[in-house]
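Working notes, structure below.
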Amino acid sequence: MKKALSVNFFILLLSLGVCFAETQNSPDDLKYFDRLNHSEEQGIRYIITTLGSKSTISLLWYRDSLEKAGNQINDVHPLRFWKEVLTDPKLKMYSRKIGGVPKRQMVADFANSLETVARRGQLKPEYLQDFIEATGLDGNLIYYNVNNGQWKALVELFFNDNIQSRSRYR
């Protein structure tokens, strides 16, 4: 039963649109500096609040609405997604509540997404600098993980409430 739930949940998360790794969009199509439209903002808000406030089992009941929300953010750069989450106190609080299977899957999906955008040349220094300045995360840790291809460790930072802003880049 536990394995079946894990497989079903994996399918659920893949359908969210949270996984950007195999996006059909060209590198220039992913938004970083563009202002998010209302639909994209709502999609991010819905995904994070739902994943952060519902039990893993109950998320199965939200599959269709999560899929719809995921479709709304297809053109959003993964760092821009996390910038939105980490600069909004309510979303940041909900992101800290995501655990277990949903968190592990998000970490894996976003790690793949970041690796893909890096390979495509879309982890530009100006994106990283803006992200660090906006979120207050430790720039040294961000750059270390990016420069060493430590994508999972990078995404784990986004969930970590204990990271202090010690950045010399800020």
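Every number in this text was worked out from the coordinates using simple rules, so none of it is lab data. Fair warning: this is a prediction, and the values are worked out from it, not measured in the lab.
Structural remarks
- In the structure shown, the pairs Lys31/Lys54; Lys97/Lys124; Lys31/Lys68; Lys54/Lys103; Lys31/Lys97 are assessed against 24 Å; a Cα-Cα span above that value is assigned to Lys31/Lys54; Lys97/Lys124; Lys31/Lys97.
- 3J(HN,Hα) from dihedral phi, the range 66-75, Karplus parametrisation 6.51/-1.76/1.60, rounded to Hz, x for glycine, proline: 5, 4, 4, 5, x, 5, 6, 10, 4, 9
- Residues whose placed amide H lies under 5 Å from that of Val76, excluding near-sequence neighbours: Lys31
- Remark: the range 40-170 is approximated by an ellipsoid whose semi-axes, taken from the C-alpha gyration tensor as √(5λ), come to 24, 16, 14 Å, largest first.
- For the range 31-75, the Kirkwood radius over C-alpha pairs fed into Stokes-Einstein at 4 °C and 1.567 mPa s yields D = 118 µm² per second.
- For the range 51-61, Karplus couplings with θ = phi - 60° (6.51, -1.76, 1.60), whole Hz, Gly/Pro x: 5, x, 10, 10, 6, 4, 5, 5, 4, 4, 6
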